[in-house]
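The values are calculated or read from the model by the stated rules, or taken from the named source; none is laboratory data. Just so it is clear, the model here is predicted, and its values are computed rather than measured. In this analysis, Cβ positions are derived from the backbone assuming ideal geometry, glycine residues included, and neighbour counts consider all displayed protein chains. Keep in mind that these areas ignore ligands, DNA and RNA; they rest on the heavy atoms of the full protein, side chains included. Shrake-Rupley method; radii C 1.70, N 1.55, O 1.52, S 1.80 Å.
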Amino acid sequence: MFMPMVQGGISLAGGHIIQGSGLFNGSSGTLARTPGSAGNVDTYTLEFIFKLNDAGSIAINNYLFSAGTAGANRTIFYVNTANRLGMLHTIGGATTLARETTALLRDPSSYYQVIYVVDTSESTAANRCKMYLNGTLIEDFSYEVSTIAQNANTFVNSTDPQRISRGAASAANYADVYIARTTLIDGQALDPTSFGETTDDGFWQINDASELTFGTNGFLIEGGSAMAAGTDSSGNSNNFSKTGTITATNDSPTNDADNEYGNKPTWNPLALSLISYARRPAFSNGNKTTTGFGAPSSRAVLTQYPTN
């Protein structure tokens, strides 16, 4: 069955400039915070601006954000091994809220802006989690559960551990991604126009999020240096603690030639689809490094992927 692939659609020109991104290495890099008091656990908005390094060949789930203490009690947001964007909430081992998209995120050159809006006070169960990709509401799902009770709590904004780029249950499923911005709005279900807008030529443009009202446990982590350190710039000082390898980079979804911020060229893993597995090189360092090329014929297929 044909499955659509989601390609790029974020404008690189004009608008707000994000000063780089944090490169999470997929094996140890994570940011963690345990709130001292609970915020709004049933209404919130999560935003992620990220670029997948292993698009097309994901070995384990890329967990963008997780909250909770174990697999039986967690709320998670991720891109799974089939390249589907998703979220899942389980309590007592029962899944009561879940979404996985029909469309596939398979472009290793594209930054995606994903917005999750959770509001369990909604009277219609299907509206208790909405997902937007580059400003567009996602309406087609390969997997969907909407049995969560009205006004039910999730684990986001609770006093359980909150993690960027790691699963809730164990130290596994780290994200292999560049993350340029992650934002949590505690207590509000916002539209994507709070984070971007459609330009006159039809592209989705990222806007400044610093003037939003973030709520008790809300945060704004943006740019390479802040991502590498877990520094919150919302004014709440809800800083995260860093574990493992997160590298500050100039790779960004927005262009600033004077300061060398922009979507940098990388090797393209998808160009290897015709190469036997034994000859495939290994990609690392955000698709900037390859090792183990094998026979010369495999080198001829590789091209540097122009992402600007």
Exercise. Who wins for biggest fluctuation among LEU23, LEU270, LEU46 in a Gaussian network model of the chain, springs between alpha carbons below 10 Å?
Worked result: LEU270
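Can you figure out the FRET efficiency of THR291 with SER225, using R₀ = 25 Å and their beta-carbon distance, to the nearest 0.05? Could the numbers behind the result be given before it?
Numbers: r = 28 Å, r/R0 = 1.13.
Efficiency for this residue pair is about 0.35.
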Exercise. Using alpha-carbon pairs under 8 Å, 6+ residues apart, how would you state the relative contact order of region 7-110 in percent?
Worked result: 24
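Rounded, prolate or oblate: which fits region 65-177, taking a ≥ b ≥ c as square roots of the Cα gyration tensor eigenvalues, rounded meaning a/c under 1.5, else prolate when a/b beats b/c? Intermediate values should be presented prior to the final figure.
Working: a/c = 1.79, a/b = 1.13, b/c = 1.58.
The shape class here is oblate.
How much of the accessible area of the chain, probe 1.4 Å, is carbon plus sulfur, in whole percent? Can you show the working numbers first?
Working: 5810 of 12290 Å².
Summing carbon and sulfur atoms, their accessible area is 47 percent of the total for the chain.
What percent do you get for the relative contact order of region 74-209 when only Cα pairs under 8 Å and 6+ apart count? Mind showing how you got there, number by number?
Values: 194 pairs, mean separation 26.6, N = 136.
Result for region 74-209 is 20 percent.
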Exercise. Which one of THR245, THR147, THR159 has the biggest mean-square fluctuation once the chain is modelled by GNM with Cα springs under 10 Å?
Worked result: THR147
Problem set entry | Most mobile of ALA228, ALA59, ALA67 in a GNM of the chain (Cα contacts under 10 Å) | ALA59
For this session: Kindly write out, for region 121-127 in residue order, the coupling ³J(HN,Hα) from the Karplus curve 6.51 cos²θ - 1.76 cosθ + 1.60 (θ = phi - 60°), rounded to whole Hz, with x marking Gly and Pro.
Result: 7, 4, 6, 8, 4, 5, 8
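For ALA82 and ALA59, compute 0.36 nm times the residue count separating them, minus their Cα-Cα distance, and round to one decimal in nm.
Numbers: separation 23, 0.36 × 23 = 8.28 nm, distance 0.90 nm.
The span from ALA82 to ALA59 would gain 7.4 nm if fully extended.
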Exercise. What whole number of Å gives the distance from the Cα centroid of region 53-116 to the Cα centroid of region 181-233?
Worked result: 19
Problem set entry | Approximate spin-label separation SER210-ALA72, in nm, with each point projected 7 Å along Cα-to-Cβ | 4.6
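Using a Förster distance of 41 Å, how high is the FRET efficiency between ASP256 and THR34, based on the Cβ-Cβ distance and rounded to 0.05? Each step should come with its number before you reach the end.
Details: r = 35 Å, r/R0 = 0.85.
E between ASP256 and THR34, to the nearest 0.05, is 0.70.
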Exercise. Which of the peptides 15-21, 211-217 is most tightly packed, and how do the rest follow, judged by the mean count of other Cβ atoms within 10 Å per residue?
Worked result: 15-21, 211-217
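Using Cα pairs closer than 8 Å and at least 6 residues apart in sequence, work out the relative contact order for the chain, in percent.
27 percent.
Computed FRET efficiency, Cβ-Cβ of THR159 and SER123, R0 22 Å: what is it to the nearest 0.05? List each step's numbers first, then the result.
Details: r = 28 Å, r/R0 = 1.28.
Efficiency computed from Cβ-Cβ geometry: 0.20.
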Exercise. So for the chain, taking the charge dipole from beta-carbon charges (+1 Lys/Arg, -1 Asp/Glu), which of ASN239, PHE214, ASN287 sits furthest toward the positive end?
Worked result: ASN287
Seminar exercise, completed: With label points set 7 Å from each Cα along the Cα-to-Cβ direction at GLU139 and ASP200, the distance between them in nm comes to 2.9
Seminar exercise, completed: With the dipole of region 107-192 defined by +1 on each Lys or Arg Cβ and -1 on each Asp or Glu Cβ, the option from PRO161, THR183, THR136 whose Cα lies farthest towards the positive pole is PRO161
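About the Cα centre, and with charges only on the beta carbon of Lys, Arg (+1) and Asp, Glu (-1), how big is the dipole of the chain? Nearest 20 debye, please.
That gives the chain a dipole magnitude of about 1320 debye.
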